[in-house]
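Novice: Can you keep this structure in mind? I'll have questions shortly.
Where a number appears in this text, it was derived from the coordinates with a stated rule and is not lab data. Predicted model only: the values in this text are computed from it and were never measured. Note that we place each Cβ from the backbone using ideal geometry, even for glycine, and neighbour counts take in every protein chain shown.
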Amino acid sequence: MVQRRRHHISQISLRLEGLRANLSQFKQDELEIQETLRGSPALEIEKTLDEAFDEIRESINHTEELLNALVQNAERGRETQASQEAG
């Protein structure tokens, strides 16, 4: 039980590290986009920004899913522990 929980938390930690790396890459990409867009038509800028915000939304949704999974796992662990202590 404890090993499974540790493994699950380890997997979530790895995913969060991946998310941090993605955010870092996003910041770097944003700087490159700003340099590229100087002098570009407004429609191209708007399209690029829309795409960037879509990626941010996807990252946020993924993070929310990970955190919900972590909470659910912790709740199940507490329930299991409580029932073992009561039994």
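Novice: What angle do you read, to the nearest 10 degrees and between 0 and 90, between the alpha-carbon axis of helix 2-37 and the longest principal axis of the chain?
Specialist: Compared with the principal axis, the helix lies near 10 degrees.
Novice: Something else now. Among 83, 66, 8, flag the residue with its Cα farthest along the positive direction of the charge dipole of the chain, charges on Cβ as +1 for Lys/Arg and -1 for Asp/Glu.
Specialist: Highest projection toward the positive end goes to 83.
Novice: Turning to a different aspect of this structure: Using alpha carbon coordinates only, what is the Rg to Rh ratio of the chain, with Rh defined as the Kirkwood radius?
Specialist: My calculation puts Rg/Rh at 1.27.
Novice: Residue by residue, what Karplus-based ³J(HN,Hα) values in Hz, rounded to whole numbers, does the range 46-52 have, using 6.51, -1.76 and 1.60 with θ = phi - 60° and x for Gly and Pro?
Specialist: 4, 4, 5, 5, 4, 5, 5
Novice: Continuing with this model, one more query. From the helices alone, meaning DSSP H stretches of at least four residues, give me the mean residue ellipticity at 222 nm for the chain, per-run term -39500 (n - 2.57), in deg cm²/dmol to the nearest 500.
Specialist: The helix-only estimate for the chain comes to -34500 deg cm²/dmol at 222 nm.
Novice: Take the chain, connect every pair of alpha-carbon atoms lying under 10 Å apart with a spring to form a Gaussian network, then pick out the residue of 38, 76, 20 with the largest mean-square fluctuation.
Specialist: In this elastic network of the chain, the residue with the biggest mean-square fluctuation among 38, 76, 20 is 38.
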